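Right, one structure below, let's go through it.
The values are calculated or read from the model by the stated rules, or taken from the named source; none is laboratory data. Fair warning: this is a prediction, and the values are worked out from it, not measured in the lab. Cβ placement follows ideal geometry from the backbone for every residue including glycine, while neighbour counts extend to all protein chains displayed.
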Amino acid sequence: MIEFSAERPNGRAMLVLGGGGYTALMAGREGVQVALWLNGLGYQAFVLIHRFPNAENGEAAPLDDAIAAMRAIRASGVREVGAVGLSSGGHLAACLAAEYPAEWASEPGDSYRPDVMVIGYGPISTNAKGRTIVADKAPLPPAEKQAMYDRLQPDAQLLPAPPPAFIVYSGNDPVVPVENAFRLHRAIVEAKGTSELHIFADAPHGFALDTPGLPVSRWPALCEAWLRQIGFLDD
């Protein structure tokens with residue numbers, strides 16, 4: 001976990017979860033760049049360098065690392081902690097608000113749930129067996145990665161009264177179907193939570209913070225306004 005401190009801290013923190021499909025980690029443009037944007041808003045930011053689900057680490061490794069990070073941030077004395085996740089990091093962030101698999105060895109407790117979630121173009125459940133959008137989609141290698149997606153479906157396993165969520169996707173994303181956004185939004189509302197959903201009609205997968213000239217480049221400003229509205233960012 002890499003810490004980035006704000007010049008004018010607001011007393012809150014964000015755990016930043018970059019993408020990479022759980023086989024690589026976009027720690028720069030979906031990690032460090034996001035952390036620096038959050039620093040500009042006053043948040044202390046922590047970029048997670050997590051393990052991947054594979055034969056060596058097992059299927060629970062990324063979630064266990066994210067849970068450990070949330071606990072460590074709170075143990076440091078930060079009063080409110082959110083999670084910002086993009087692509088596979090968006091899936092991981094949503095898992096922090098979902099039920100932890102009872103059969104997994106870890107005993108996570110309840111200290112890891114984020115106070116807010118910002119989720120961008122995450123594969124929430126369309127990689128799970130029986131819930132894919134692409135017909136006859138082949139299992140994703142390695143086997144532990146597919147097993148993780150099968151077992152961790154945040155929209156179907158969301159805990160009651162989930163934290164407020166800002167959700168942003170591309171309507172024509174060729175990698176992560178926009179159905180993921182609709183599934184998560186519906187699940188949050190049905191669980192008595194609040195969700196702000198933004199779908200940009202034409203944007204590339206992995207748009208992050210560096211798509212100048214496209215409408216989707218406005219999403220950080222929209223997110224900032226939402227954070228102020230819900231009281232997680234002071235004027």
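Some points to look at:
- A single entry from 191, 135, 147, 201 fulfils the requirement of being modelled with pLDDT under 95 and farther than 20 Å from residue 85 by Cα: 135.
- Residue under evaluation residue 96, criteria (1) surrounded by fewer than 19 Cβ atoms within 10 Å (Cβ to Cβ); (2) touching a strand residue (DSSP E or B) at 6+ places or on another chain (Cβ under 7 Å); (3) without any contact (Cβ under 8 Å) to a residue 40 or more places away in the chain; (4) not small (Gly, Ala, Ser), criterion not met: (1)
- Cβ pairs under 8 Å, 6+ apart, first in the stretch 21-35 and over 20 Å from residue 211 (Cβ atoms), second outside any loop (DSSP other than H, G, I, E, B) and not hydroxyl-bearing (Ser, Thr, Tyr): 22/62; 22/145; 22/148; 23/145; 25/31
- Odd one out for residue 111 among (1) touching a residue at least 40 places away in the same chain (Cβ under 8 Å); (2) surrounded by 14 or more Cβ atoms within 10 Å (Cβ to Cβ): (2)
- Some residue of the stretch 212-226 being β-branched (Val, Ile, Thr) and not in a helix (DSSP H, G or I): no
- Top-ranked residue in the stretch 180-204 [being assigned to a strand (DSSP E or B) and not polar (S, T, N, Q); ranked as farthest from the chain's Cα centre (by Cα)]: 200
- Qualifying positions in the stretch 196-215 - out of contact with any Asp or Glu (no Cβ under 8 Å at 6 or more places or on another chain) and crowded, with 20+ Cβ neighbours inside 10 Å: 200, 207
- When the residues of the stretch 12-36 are filtered to those that are in contact with an Asp or Glu (Cβ under 9 Å, 6 or more places away or on another chain) and part of a helix (DSSP H, G or I), the one that is modelled with the lowest pLDDT is 29.
- Verdict on residue 154 being over 20 Å from residue 85 (Cβ atoms) and modelled with pLDDT of 95 or more: no
- Filtering 60, 66, 55 for residues that are surrounded by fewer than 15 Cβ atoms within 10 Å (Cβ to Cβ), under 16 Å from residue 22 (Cβ atoms) and in contact with a helix residue (DSSP H, G or I) (Cβ under 8 Å, 6 or more places away or on another chain) leaves a single hit, 55.
- Filtered residue count, the stretch 204-228, keeping only those that are touching a Gly at 6+ places or on another chain (Cβ under 8 Å) and closer than 17 Å to residue 82 by Cβ: 1
- Residue among 170, 111 that is at pLDDT 95 or above and closer than 29 Å to residue 231 by Cβ: 170
- Residues of the stretch 174-197 that are within 25 Å of residue 35 (Cα to Cα) and in contact with a helix residue (DSSP H, G or I) (Cβ under 6 Å, 6 or more places away or on another chain): 184, 195, 196, 197.
- The sole residue among 161, 147, 128, 135 that is touching a residue at least 24 places away in the same chain (Cβ under 8 Å), more than 13 Å from the chain's Cα centre (by Cα) and surrounded by fewer than 17 Cβ atoms within 10 Å (Cβ to Cβ) is 161.
- Condition met for residue 42 (outside any loop (DSSP other than H, G, I, E, B) and either modelled with pLDDT of 95 or more or of a type in the set (Gly, Ala, Ser) (or both)): no
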